[in-house]
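The next block holds one structure in the form of C-alpha cells; read it before the comments.
The values are calculated or read from the model by the stated rules, or taken from the named source; none is laboratory data. Please read all numbers here as calculations on a predicted model, not as lab measurements. Cβ placement follows ideal geometry from the backbone for every residue including glycine, while neighbour counts extend to all protein chains displayed. Side chains included, ligands, DNA and RNA excluded: accessible areas come from the protein's heavy atoms. Shrake-Rupley method; radii C 1.70, N 1.55, O 1.52, S 1.80 Å.
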Amino acid sequence: MTELLVHTGGLSTTVQDAGRDGHYAIGMPPSGAMDQYSFRVGNLLVGNSEGAAALEATYIGPRLEFTDTRLVAVTGADTPVTLNGEPADTWRALPVGPGDVLSLSPVTGGARPYVAVSGGIAVPEYLGSRSTYTLTGGGGLDGRKLADGDRLPLGATEVPPASGRPVPEELRPGFPEVTEARTVVGLCSYRFTHGALKSFLGEPWKVTKDADRIGYRMSGWSLDFVPREQPHGAGSGPANVVDLGYPVGSIQVPGGDEPIVLLNDAVTGGGYATIGTVVSVDRDRMAQTKTGDQVSFVSVGLEDALEARRERGERLARVRELLTA
Amino acid sequence: MATIKATMPGVVYRRPAPEAAPYVEEGGTVASGQTVALIEVMKNFNELSSEREGTLTRFLVEDGDEVSIGQEIAEVDG
C-alpha cells in the first residue's frame, strides 16, 4: 500500500467521504463532505467512484507529498495551488509522481477546498464510512484532523485516468456576497411570532466565528417566541420544546438571537425549537461560507428541495459526461 | 514596512489569555516567527506570527475585533 505524506495538515483538514448514513438512531450524525458537489466532482476528475474518501480542508489547506504515480484534483473553495512550487490548475486532474509536492494556499473565495486522489484515501472504514467524526474520534485518520508528519494510506487505482479536461466555470460553484440558503420552514416554526419569521427570512444573517462542521452560529436579528405555558418535559426557557430529532440542516434557535444551522457533524436531537431546515443542496453553499460572510434564508417547499436535488444530479451527470467524452 | 495579515477569518486577540500581558506592545520588537496575536475561529485559537523581524509599529485592529481573511492586522518596520 502506498502513502500520502502530510508535510503540513493545514488549519483543519479531515478525511471525508459521501457520509456515514443509517446510524442516526444511535445518535451518530452522517459526517461526510460538507460540500458534496465539489467533493464528488473532485473524485470524478481523478477517475474515482463519486463517494471515494478525499480530503476536506478549511480556510488553509495541507501540503502533501506523493510517493507513487497518481492523479490529484483540487475543487471546492478558490485556493491558489502549487505543484513543486509551480502554480497549478484547480478543477482539473493533475498527474503526480513520487516526490511531487502539492501545496494549497489560504482560500481566496469560499471556505473548503477538497483534495481528491486517484484510488481514494484508504483509511479503515468505521460503521461503513471513512468519514472523520472528531467529536467521538471515529473514522478518518484516528478520528482526528490531519497533523504535520501524518501518513495517509491510499487505495489501488482501478479505473483508467480521466481525460485531464478542466471543469468549466459554469459547472463550478460561485461564492456570492450573500449566499442564498433555501429553507423549508418547520418543524417548530409555530413557536415563533409572525414578526420573527419575517425577520428571519427577510434580512441576511452573518456567519460568526463559531462556524464549523458541527454547526454554523449566525448573528444579526432577534427572534421572538410566542408566549405559552411550557408543556411537561420541554424545559422552562421559551426556546425549549419537548425533545425531537434534528434533521441535518435544521436551524435551532437556542436563545432567540443566534440561530445555529446544524451541519454534518451535529447532534441528532434535542429540545430547542427549530425554525426551518436548509435543503440538502444548499448545504453545499453553506459549507463554502466563512466567518464574516452573509447568508440569507429563502423559504421554499419540499417540492423545490427535491427539484434542487435533481438539478444537482444533472450537473454531476454533465461533469461525468464531459470528463469521459 | 510590511504588514501581518490574517491567515483566517475570526476574532483577533492580542494576548494569550484575558488577564495576560499582550504578546507585543506597539513599538516593541518582534522576531521572525514570533506570535503577535491569536485568531479564534471554529472554537480554536490559532497563533498569528510575524514573517519578519523588526519593530511592530502599530496594530490596525482593536483587541476583540472580527477580522476577515487577508485583513491587515499589524505593521512591522525593519
Please report, as a whole percent, how much of the solvent-accessible surface of chain A comes from carbon and sulfur atoms (probe radius 1.4 Å). 52
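Given the -39500 (n - 2.57) contribution per DSSP H run of 4+ residues, what per-residue ellipticity at 222 nm results for chain A, rounded to the nearest 500 deg cm²/dmol? The partial results should precede the final answer.
On the way: 4 runs with 50 residues, N = 325.
The per-residue figure over chain A is -5000 deg cm²/dmol.
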Measure off 7 Å from each Cα along the Cα-to-Cβ vector at A:ARG318 and A:ASP257, then give the distance between these two points in nanometres to one decimal. 4.4
Kirkwood hydrodynamic radius (Cα pairs, Å) of chain A? 20.3
Leaving ligands and nucleic acids out of the surface, order A:HIS232, A:HIS194 by accessible area at 1.4 Å, largest first. A:HIS232, A:HIS194
For the stretch B:30-52, list whatever residues lose no less than 40 Å² of accessible surface once every protein chain is in place, relative to that chain by itself, with the probe at 1.4 Å. B:MET42, B:LYS43
Accessible-area loss of at least 50 Å² in the complex relative to the chain alone (1.4 Å probe) applies, within the stretch B:1-29, to B:PRO9
The FRET efficiency for A:ASP78 and A:GLN230, from their Cβ-Cβ distance with R0 = 45 Å and rounded to 0.05, is 0.45
Residue-normalised accessible area of the stretch B:2-77, expressed per residue, 1.4 Å probe, Å²: 50
Multiply the residue separation of A:SER219 and A:THR108 by 0.36 nm, subtract the distance between their alpha-carbon atoms, and state the gained length in nm to one decimal. 37.7 nm
Compactness index (Cα Rg / 2.2 N^0.38 Å), the stretch A:172-283: 1.04
Per residue of the stretch A:310-318, what does 6.51 cos²θ - 1.76 cosθ + 1.60 with θ = phi - 60° give for ³J(HN,Hα)? Whole Hz please, x for Gly and Pro, Karplus curve as stated. 5, 4, 4, x, 5, 4, 5, 5, 5
Gyration tensor (alpha-carbon) shape descriptor, the stretch A:1-113, a/c threshold 1.5: prolate
Which of the three applies to the stretch A:199-239, rounded, prolate or oblate, going by the alpha-carbon gyration tensor with a ≥ b ≥ c and a/c under 1.5 meaning rounded? oblate
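Grab the Cα-Cα distance for B:LYS5 and B:THR57, subtract it from 0.36 nm times how many residues apart they are, and report the gain in nm with one decimal. Could you put the intermediate results ahead of the total?
Values: separation 52, 0.36 × 52 = 18.72 nm, distance 1.45 nm.
Roughly 17.3 nm would be gained on extension.
Accessible area per residue of chain A at 1.4 Å probe, in Å²? Present the calculation step by step, with values, prior to reporting the outcome.
Details: 13240 Å² over 325 residues.
Result: 41 Å² of accessible area for each residue.
Under the 0.36 nm per residue contour assumption, what length would be gained going from the current alpha-carbon distance of A:TYR190 and A:GLU169 to full extension? Before the final figure, lay out the partial values.
Working: separation 21, 0.36 × 21 = 7.56 nm, distance 4.16 nm.
3.4 nm is the gain from fully extending A:TYR190 to A:GLU169.
A:ALA93: net charge of surrounding residues, Cβ under 14 Å, Lys/Arg +1, Asp/Glu -1, itself excluded?
Working: positive: A:ARG70, A:ARG92, A:ARG165, A:ARG320; negative: A:ASP89, A:ASP100.
Charge balance in the 14 Å sphere: +2.
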Gap separating the Cα centres of the stretch A:271-325 and the stretch A:84-148, nearest whole Å: 22
Which ³J(HN,Hα) values, rounded to whole Hz and listed in residue order, are derived for the stretch A:233-247 from phi using the Karplus coefficients 6.51, -1.76 and 1.60 in 6.51 cos²θ - 1.76 cosθ + 1.60 with θ = phi - 60°, glycine and proline given as x? x, 8, x, 8, x, x, 7, 7, 10, 5, 3, 8, x, 9, x
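Buried accessible area between B and A (1.4 Å probe, both chains summed, ligands and nucleic acids excluded), in Å² to the nearest 100?
Values: alone 4620 and 13840 Å², together 17220 Å².
When B and A are taken together, about 1200 Å² of accessible area is lost.
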Here, B:SER32 and A:LEU5, labelled 7 Å along Cα→Cβ, have an inter-label distance in nm of 2.3
Top positive-direction residue, dipole computed over the stretch A:3-173 with Cβ charges, set A:TYR133, A:PRO173, A:ALA77: A:TYR133
Using only Cα atoms, find the angle between the long axis of helix A:36-45 and the longest principal axis of chain A, and express it within 0 to 90 degrees, rounded to the nearest 10. 10
Run the 1.4 Å probe and let me know the accessible area of A:ARG40, rounded to the nearest 10 Å². 60
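Evaluate E = 1/(1 + (r/R0)^6) for A:THR69 and B:LYS43, where r is the Cβ-Cβ distance and R0 equals 41 Å; express this FRET efficiency to the nearest 0.05.
Numbers: r = 39 Å, r/R0 = 0.96.
Here the calculated transfer efficiency is 0.55.
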Which net charge results for the neighbourhood of A:LEU64, defined as the other residues with beta-carbon distances under 15 angstrom from its beta-carbon, given Lys and Arg at +1 and Asp and Glu at -1? -3
Rg [Å, one decimal], Dmax [Å, integer] - the stretch B:2-77, C-alpha atoms: 11.1, 32
Taking Lys and Arg as +1 and Asp and Glu as -1, residues besides A:VAL184 with C-beta under 13 Å from its C-beta add up to -1
